[in-house]
Amino acid sequence: MHLALMLAQRAVAEGEVPVGALLVLDNAVIGEGWNRPIGAHDATAHAEIQALRDAGQRLGNYRLPGTTLYVTLEPCVMCAGAIIHARVDRVIYGAPDPKAGACGSVFELLPSNSRFNHRTDCRGGILAEDCAEILRAFFRARR
């Protein structure tokens, strides 16, 4: 999660909402991402999507079984859908997202939705205060 926080700092440096994500397979980082919707002019350029895209390019496959995604903020519905389609095994997130979280804060898409053909374990609260503070500081500075 410390590396995900460092990636969130890259988002801050680019004027983006500070969310960072990394994808790990067999204890090796295979994908990294940070929020880039503003700079990329792309609503789908969330940190999680960026990490999935990076890993897919590195491995030459959009399916990423056996992986764990570490992200500083609870994934939204869009990212949860991509995580399911990519067959990610586990999501570990820092701060909950009470406005758009899809791991139980607002929606319950990960892990318990039995309508999907793939289930992804989801656990939150890892370095939650550090992850929440980088977001609070960013929005305080913007006000």
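The values are calculated or read from the model by the stated rules, or taken from the named source; none is laboratory data. Please read all numbers here as calculations on a predicted model, not as lab measurements. With ideal geometry, Cβ positions are generated from the backbone for all residues, glycine too; neighbour counts draw on all protein chains shown. Only protein heavy atoms, including side chains, enter the accessible area calculation; ligands, DNA and RNA are left aside. Shrake-Rupley method; radii C 1.70, N 1.55, O 1.52, S 1.80 Å.
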Task: Cα extents of segment 1-70 along the three principal axes, largest first (Å) - done: 32, 25, 13
Task: Residue-count net charge about Ala45 - beta-carbon cut-off 14 Å; Lys, Arg +1, Asp, Glu -1 - done: -3
- [ ] Could you look at the chain and say what percent of its accessible area is carbon and sulfur, using a 1.4 Å probe and all protein chains?
- [x] 53 percent
Task: Relative compactness, segment 62-113, computed as alpha-carbon Rg over 2.2 N^0.38 Å - done: 1.03
Open item on the list: Contact order normalised by length for segment 1-130, with contacts defined as Cα pairs under 8 Å and 6 or more residues apart; what percent is it?
Closed with: 19 percent
Task: Contour minus Cα-Cα distance for Met78 and Asp121 (0.36 nm per residue) - done: 13.8 nm
Task: All-pairs Cα distance distribution in the chain, expressed in whole percent, bin size 5 Å - done: 2, 11, 22, 25, 22, 12, 5, 1, 0
TODO: Might you report the magnitude of the Cβ-based charge dipole of segment 72-120 about its Cα centre, with Lys and Arg at +1 and Asp and Glu at -1, to the nearest 20 debye?
DONE: 140 debye
Task: Partnerless cysteines, meaning none of the other Cys C-beta atoms lie under 4.7 Å away, in the chain - done: Cys76, Cys79, Cys131
- [ ] Could you do me a favour and compute the accessible area per residue for segment 90-132, 1.4 Å probe, result in Å²?
- [x] 57 Å²
- [ ] With θ set to phi - 60°, apply the Karplus curve 6.51 cos²θ - 1.76 cosθ + 1.60 along segment 55-60 and write out the HN-Hα couplings as whole Hz, x wherever there is a Gly or Pro.
- [x] 5, x, 5, 5, 8, x
- [ ] Select from Val77, Ala51, Val91 the residue farthest towards the positive end of the dipole of segment 50-122; place +1 on Cβ of Lys and Arg, -1 on Cβ of Asp and Glu, and compute about the Cα centre.
- [x] Ala51
